[in-house]
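Accompanying notes for the structure given below.
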2 protein chains.
Amino acid sequence: MSKKSRQKRLPGEAYAPRIHARLWLIDAAGEHYLGVGKVRLMEAIDELGTISHAARKLGMSYKRAWSLIQEVNQLEDEIYVTREVGGAGGGHAKVTEAGHAAIARYRELEDDLRDFLAERARKRGGQA
Amino acid sequence: MSKKSRQKRLPGEAYAPRIHARLWLIDAAGEHYLGVGKVRLMEAIDELGTISHAARKLGMSYKRAWSLIQEVNQLEDEIYVTREVGGAGGGHAKVTEAGHAAIARYRELEDDLRDFLAERARKRGGQA
């Protein structure tokens, strides 16, 4: 996505007609959070196998992606993304079982929110 | 709020234990939105009667507040905030009936989201 189209984009995700939202899962200590950016990055790493390919897909720098991965790994006592340094292609990265569970938790919350907003709009005759 | 504490703040609003969210109402044309920043500004104008006092309360510049008000007044065919220029104290600002309705719509959506998340957490035994 170009810089221009990103600037013109409406905020959040379109979960219902005329309602956008953004969700964050907060860690137990109330200090860190898992938002859609980190979830998308983990999904891209899961798909592509390296942080550099995932970063490129999402249009972010490797430095930014690496910084997000470090945050993700501080969320709970468990590691969400592991990384093998070196080797051909600069090393592979992998989403752990705990990381997959966190992604699923986030996406499930989104699905539930979408259902709730659809039901709410139905009750209100399509009104926000 | 100081710049430092704002930077350390978690994103969104704490609508449920361990879940933060942010909501935006999108206009009919899908070009503009009403978020919590504009809602708070309208509420502060309604309370204090001038844009400058409202801006000061929210820690934003007059220029920023005025730019947000111009956006708010482009959301629908109706004006949400009117302003009398000049006079003692730099002129008064007023939230119109349509503006009050927009605030109510936003705050009602928030309340419904809070109820939904509480009910969802109850069903899941307190889990996000």
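Out of B:Glu71, B:Glu78, B:Glu108, B:Glu47, one residue alone is within 14 Å of chain A (Cβ to nearest Cβ), free of Cβ contacts under 8 Å to residues at least 40 places away in the same chain, open to solvent by 20 Å² or more (accessible area, probe 1.4 Å) and more than 30 Å from B:Arg18 (Cβ to Cβ). It is B:Glu71.
For A:Leu41, the test of being out of contact with any His (no Cβ under 6 Å at 6 or more places or on another chain), open to solvent by 50 Å² or more (accessible area, probe 1.4 Å), away from every other protein chain (no Cβ under 11 Å) and of a type outside the set (Ser, Thr, Tyr) is failed. Within the range B:83-105, the residues that satisfy the criterion of being open to solvent by less than 60 Å² (accessible area, probe 1.4 Å) and within 21 Å of B:His32 (Cβ to Cβ) are B:Ala93, B:Val95, B:Thr96, B:Ala98, B:Gly99, B:Ala101, B:Ala102, B:Ile103, B:Ala104.
For the range A:4-44, a residue qualifies if it is assigned to a loop (DSSP other than H, G, I, E, B), without any contact (Cβ under 8 Å) to a residue 24 or more places away in the chain and over 16 Å from the mean Cα position of the chain (by Cα), and the qualifying residues are A:Arg9, A:Leu10, A:Ala29, A:Gly30, A:Glu31. Within the range B:1-56, restricting attention to residues that are of a type in the set (Lys, Arg) and at pLDDT 95 or above, the residue that is farthest from A:Tyr106 (Cα to Cα) is B:Arg56. Only one of the numbered conditions (1) more than 24 Å from A:Phe116 (Cβ to Cβ); (2) surrounded by 13 or more Cβ atoms within 10 Å (Cβ to Cβ); (3) within 14 Å of chain B (Cβ to nearest Cβ) is not met by A:Ala28, and that is (2). With B:Arg64, B:Arg22, B:Arg40, B:Arg9 as the choices, which residue is in contact with a strand residue (DSSP E or B) (Cβ under 9 Å, 6 or more places away or on another chain) and charged (D, E, K, R)? Matching residue, one of B:Arg64, B:Arg22, B:Arg40, B:Arg9: B:Arg22. Looking across the range A:81-114 at every residue that is in a loop (DSSP other than H, G, I, E, B) and over 14 Å from A:Ala44 (Cβ atoms), the one that is modelled with the highest pLDDT is identified as A:Thr96.
The values are calculated or read from the model by the stated rules, or taken from the named source; none is laboratory data. All values derive from a computational prediction rather than experimental measurement. Cβ atoms come from the backbone with ideal geometry, glycine included; neighbour counts cover every protein chain shown. Side chains are part of the model used for accessible areas, which takes the heavy atoms of the whole protein and leaves out ligands, DNA and RNA. Shrake-Rupley method; radii C 1.70, N 1.55, O 1.52, S 1.80 Å.
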